[in-house]
Amino acid sequence: MQFMLLFSRQGKLRLQKWYVPLSDKEKKKITRELVQTVLARKPKMCSFLEWRDLKIVYKRYASLYFCCAIEDQDNELITLEIIHRYVELLDKYFGSVCELDIIFNFEKAYFILDEFLLGGEVQETSKKNVLKAIEQADLLQEVKTHRIKYETIVFSL
Amino acid sequence: MGSSEMCRDLAGEVEKLLKTSNSYLRKKAALCAVHVIRKVPELMEMFLPATKNLLNEKNHGVLHTSVVLLTEMCERSPDMLAHFRKLVPQLVRILKNLIMSGYSPEHDVSGISDPFLQVRILRLLRILGRNDDDSSEAMNDILAQVATNTETSKNVGNAILYETVLTIMDIKSESGLRVLAINILGRFLLNNDKNIRYVALTSLLKTVQTDHNAVQRHRSTIVDCLKDLDVSIKRRAMELSFALVNGNNVRGMMKELLYFLDSCEPEFKADCASGIFLAAEKYAPSKRWHIDTIMRVLTTAGSYVRDDAVPNLIQLITNSVEMHAYTVQRLYKAILGDYSQQSLVQVASWCIGEYGDLLVSGQCEEEEPIQVTEDEVLDILESVLISNMSASVTRGYALTAIMKLSTRFTCTVNRIKKVVSIYGSSIDVELQQRAVEYNALFKKYDHMRPALLERMPVMEKVTTNGPAEIVQTNGETETAVLETKPPPSGLQPANQVTETDPGVISRFCRSAVSLFPAGIPSITAYNKNGLKIDFTFERSNTNPSVTVITIQASNSTELDMTDFVFQAAVPKTFQLQLLSPSSSVIPAFNSGTITQVIKVLNPQKQQLRMRIKLTYNHKGSAMQDLAEVNNFPPQSWQ
């Protein structure tokens with residue numbers, strides 16, 4: 001996979017993950033073009049389209065478009081499954097996820113994505129393991145904030 | 001996202017981490033290694049020892065990333081590929097376990113165990129089995145098993161089947177398996193899900209060349225896809241339909257394709273029209289059908305027809321001598337109602353110019369002849385000239401057509417003279433030039449007029465690209481060629497008094513390659529057992545003793561000729577230089593040729609003689625033949 005974009009029906013970008021090195025300007029240009037192209041598609045059309053020399057696989061969940069760019073030799077249908085798996089992970093973590101969850105907790109969304117995909121490839125095929133890794137990371141964060149709170153209390157005493 | 005320097009520095013660390021006991025770290029290390037290899041391929045060797053035990057993993061995450069790592073290594077280096085071939089049995093075993101094992105909640109997606117891993121293993125198997133008979137054989141069973149046992153109700157199952165089909169088509173699988181794969185694709189085509197149909201059409205397009213017959217069976221489904229609402233599906237269905245047209249189904253297919261042309265989006269019409277013309281040319285069952293089809297395309301999509309189709313059509317019409325009256329009548333009727341479609345009007349004007357006499361004499365045999373007077377014909381041509389809708393090129397055609405009619409019509413010559421003289425002061429330079437020249441024809445060269453405006457002879461069909469001609473117009477020589485491949489064979493210098501529409505000529509001048517006005521005729525040096533070798537000649541301008549011969553080898557049998565080697569020997573006084581050939585395979589049915597250039601140095605200007613030796617494989621056996629070529633034309637060595 002070369003990159004993944006999440007954007008709303010109004011064209012606002014909610015999440016972007018790039019697996020190829022590109023300059024900021026290029027990224028913005030690609031994002032703009034792609035968002036326009038995908039939003040212009042009618043609902044009955046198929047989920048794949050050819051764009052430049054890449055294959056674009058997109059799927060709409062409620063108000064969000066999940067859009068992935070894959071290379072020529074990648075399997076489009078399994079990419080649809082990858083998108084679906086990511087949505088399931090988000091759903092499990094946030095509990096009935098909606099666009100607001102992603103807007104307000106985007107760092108968690110990125111975290112989940114990074115535990116699922118690495119360098120453009122799937123790194124963990126088991127839902128349980130991905131969620132376990134996130135939980136562990138969450139715990140670490142909690143301990144840290146707890147520690148900081150404790151130390152500030154001690155300090156102020 | 002590391003740069004190549006970063007990768008070089010950290011590669012050692014990554015390699016160490018590949019061996020740690022923590023599976024969480026190992027899977028990440030594996031993908032890091034993939035990235036390192038992508039950025040710095042030379043470091044691939046470093047990871048080789050760590051890969052020894054990768055496939056013995058229990059943890060699916062690590063297993064998956066390891067397969068990705070192996071795939072990356074095998075794609076990049078043929079040595080690695082050979083090294084890892086021995087893993088095929090292990091991979092087959094893992095895949096088997098995945099399919100046979102019971103429900104595993106951790107990795108399950110809609111009843112299928114770890115589809116991501118399955119797909120990746122299939123992909124790795126594809127790379128390992130390519131061009132290797134043993135590996136391919138080891139995979140045959142498991143591929144058949146996956147193909148038949150996978151659930152197809154959900155997208156997941158179809159994703160796995162898709163990958164399986166790709167793998168089957170790419171490795172050296174047995175024919176039964178291939179037919180199975182194509183049948184799966186055929187089933188996909190009937191699926192309600194658009195994505196699946198899209199994927200099926202794309203795959204079929206790739207396989208139609210190699211497994212033509214199997215794909216033919218699904219022809220009706222493919223043709224149905226032409227009526228789909230989705231643009232990408234329609235495009236693929238159209239391309240596939242063109243690939244499937246053959247002598248047997250051409251009538252039925254053409255009907256569907258013409259219907260499609262009627263109703264499809266404008267962006268397809270040009271491609272569709274060109275495709276129809278090509279298919280019609282190759283497989284037309286009768287001349288009348290061919291002309292009818294062309295007419296239909298011109299009238300439905302006349303404005304989308306590509307510019308280069310017009311000269312081809314004109315040549316086609318010229319060559320169907322007995323259909324001239326029918327053609328000109330139909331074309332006349334077509335533009336009577338509507339003369340806005342440029343290509344149609346161009347072809348029609350040209351035909352009316354050539355065959356106007358047949359039109360007014362009411363000679364048509366094929367259908368009811370219509371009563372047309374000379375004035376009516378001139379009326380329509382003049383309207384084309386005057387109309388705002390007509391492009392400059394179209395007007396050129398119309399003016400020349402009017403001019404030609406001056407020798408074919410009897411009572412309206414004065415009217416023609418008047419029209420021509422009016423345009424002598426036209427703003428359009430091209431029209432003005434023509435009108436002035438034609439005026440001159442009337443005034444000073446009236447005695448030459450009939451000869452100059454004679455009926456066009458049947459044109460030599462040189463290549464499938466289109467005709468090439470040489471013309472003379474009022475003393476100016478215009479050389480015109482449509483050929484972009486090596487010089488075509490057999491072009492006789494055209495009759496000095498033959499004139500053809502200058503508009504047609506300007507369309508021909510596309511390529512930078514031009515023929516010498518006095519072309520050296522080419523010869524057929526060898527023609528036996530379906531193998532034909534033509535020689536075309538060129539003399540070097542810089543060195544008059546050098547003759548450059550281009551050989552073109554074509555194969556009219558129904559099987560390809562492979563490993564074709566051409567050798568030549570000449571008498572002692574000559575020197576020979578053989579350049580490398582374009583390929584070593586001559587495709588069947590004259591669908592392609594091998595070209596090779598020979599340079600002959602002939603300082604003593606002796607008569608050229610050559611002995612040739614041909615070796616090739618055909619129908620599974622090695623063939624060899626010796627022949628002497630003695631029919632070199634004098635211009636090639638004098």
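Things worth noting here:
- Violating pairs (Cα-Cα greater than 29 angstrom) within the set B:LYS172/B:LYS619; A:LYS128/B:LYS96; B:LYS154/B:LYS206; B:LYS172/B:LYS234: B:LYS172/B:LYS234
- Inter-centroid distance (Cα atoms) of the stretch B:35-69 relative to the stretch B:621-638, Å: 58 Å
- Counting heavy atoms of the protein chains alone, B:VAL565 has an accessible area of about 70 Å² for a 1.4 Å probe.
- Burial here means at least 20 square angstrom less accessible surface with every protein chain in place than with the chain by itself, probed at 1.4 Å; in the stretch A:35-79 the buried residues are A:LYS44, A:MET45, A:CYS46, A:PHE48, A:GLU50, A:GLN73, A:ASP74, A:ASN75, A:GLU76, A:LEU77, A:ILE78.
- Rg and Dmax [Cα atoms of the protein assembly as shown; Å; Rg one decimal, Dmax integer]: 34.4, 123
- For the segment B:370-379, counting C-beta atoms of other chains within 10 Å of every residue's C-beta and taking the mean gives 0.
- Table column - 3J(HN,Hα) (Hz), the stretch B:54-62, Karplus curve with 6.51, -1.76, 1.60, x for Gly and Pro: 4, 7, 8, 4, 9, 5, 4, x, 5
- The stretch B:1-97: C-alpha gyration tensor shape, a/c 1.5 cut-off, then a/b vs b/c: oblate
- The Cα atoms of the stretch A:1-107 give a gyration tensor whose axes a ≥ b ≥ c have a/c under 1.5, which makes the shape rounded.
- Within a straight-line Cα-Cα reach of under 12 Å, B:LYS613 can be paired with the following aspartates and glutamates, leaving aside sequence neighbours fewer than 8 residues apart in one chain: B:ASP625, B:GLU628.
- Cα centre as origin, Lys/Arg/Asp/Glu Cβ charges: the stretch A:27-157 dipole, Debye: 480 debye
- Solvent-accessible surface (1.4 angstrom probe) belonging to B:HIS218, in square angstrom, nearest 10: 30 Å²
- Across the stretch A:3-15, rounded Karplus estimates of 3J(HN,Hα) from the backbone phi angles (6.51 cos²θ - 1.76 cosθ + 1.60, θ = phi - 60°) give 6, 10, 10, 10, 9, 7, 5, 8, x, 7, 7, 9, 8 Hz, Gly and Pro being marked x.
- Within the shell defined by Cβ-Cβ distances under 13 Å, the residues around B:THR410 carry a net charge of -1, with Lys and Arg each +1 and Asp and Glu each -1.
- Ranked order, B:ASP132, A:ASP24 - accessible area, probe 1.4 Å, largest first: A:ASP24, B:ASP132
- Looking at the stretch B:364-459, the accessible area is 51 square angstrom per residue; that uses a 1.4 Å probe and ignores ligands, DNA and RNA.
- Calculated FRET value between B:GLN145 and B:ASP625, using beta carbons and R₀ = 35 Å, to 0.05: 0.15
- Accessible surface of the stretch B:160-284, 1.4 Å probe, proportion on carbon and sulfur as whole %: 49 percent
- Loop-located GluC sites (Glu not before Pro) in the stretch B:356-396 (DSSP state not H, G, I, E or B) with no more than 10 neighbouring Cβ atoms inside 10 Å: B:GLU365.
- Here the extension length gained between B:SER77 and B:GLU174 equals 32.3 nm, from 0.36 nm per residue of separation less the Cα-Cα distance.
- The A-B contact accounts for roughly 3200 square angstrom of buried accessible surface, both chains included, probe 1.4 angstrom.
- In the protein assembly as shown, the calculated helix contribution to ellipticity at 222 nm averages -16500 deg cm²/dmol per residue, counting -39,500 (n - 2.57) for every DSSP H run with n ≥ 4.
- Summing Lys and Arg as +1 and Asp and Glu as -1 over all other residues whose Cβ lies under 13 Å from the Cβ of B:LEU48 gives a net charge of -2.
- The share of accessible area on the stretch A:42-157 that comes from carbon and sulfur is 59 percent, using a 1.4 angstrom probe.
- Where the stretch B:92-249 is the region considered: accessible area per residue in Å², 1.4 Å probe: 40 Å²
- Basic side chains Lys and Arg get +1 at the Cβ, acidic Asp and Glu get -1 at the Cβ, and with that the dipole of the stretch B:70-120 about its Cα centre reaches some 280 debye.
- Note that the stretch B:601-610 has calculated 3J(HN,Hα) couplings of 9, 10, x, 8, 6, 8, 5, 6, 9, 8 Hz, one per residue in order, obtained from phi through the Karplus relation 6.51 cos²θ - 1.76 cosθ + 1.60 (θ = phi - 60°); glycine and proline are x.
- Near B:LYS172, once Lys and Arg are set to +1 and Asp and Glu to -1 for all other residues with Cβ below 14 Å from its Cβ, the sum equals -3.
- Amide H contacts of A:LEU15 (H built 1.01 Å from N, under 5 Å, at least 5 apart or other chain): A:LEU6
- In the full protein context, chain A carries 55 Å² of accessible surface per residue, based on a 1.4 Å probe and ignoring ligands, DNA and RNA.
- R0 of 22 Å, Cβ-Cβ distance B:ASN53-B:ASN97: FRET efficiency to nearest 0.05: 0.80
- Listed pairs A:LYS92/B:LYS19; A:LYS127/B:LYS27; A:LYS12/B:LYS39 exceeding 22 Å between Cα atoms: A:LYS92/B:LYS19; A:LYS12/B:LYS39
- Cα gyration tensor shape for chain B, rounded if a/c is under 1.5, else prolate or oblate: prolate
- Listed residues B:HIS83, A:HIS146, B:HIS107 arranged by accessible area, highest first, probe 1.4 Å: A:HIS146, B:HIS83, B:HIS107
- Among B:LEU359, B:GLY176, A:CYS98 the positive-end extreme of the charge dipole of the protein assembly as shown (Cβ point charges): A:CYS98
- The calculated FRET efficiency for B:GLN432 paired with B:VAL321, based on their beta-carbon distance and R0 = 41 Å, is about 0.75.
- Ranking by accessible area, most exposed first, for B:CYS32, B:CYS364 with a 1.4 Å probe: B:CYS32, B:CYS364
- Rounded to the nearest 20, the Cβ-based charge dipole of the stretch B:262-327 about its Cα centre (Lys and Arg +1, Asp and Glu -1) stands at 260 debye.
- For the stretch B:1-56, the share of accessible area belonging to carbon and sulfur comes to 56 percent (1.4 Å probe, ligands and nucleic acids excluded).
- Maximal additional length on extending the B:SER591-B:THR562 stretch stands at 9.0 nm, based on 0.36 nm per residue less the C-alpha distance.
The values are calculated or read from the model by the stated rules, or taken from the named source; none is laboratory data. Predicted model, so just to flag it, every value in this text is computed and none were measured. Glycine also receives a Cβ, built like all others from the backbone with ideal geometry; neighbour counts cover every protein chain displayed. Heavy atoms of the whole protein, side chains included, go into the accessibility calculation; ligands, DNA and RNA do not. Shrake-Rupley method; radii C 1.70, N 1.55, O 1.52, S 1.80 Å.
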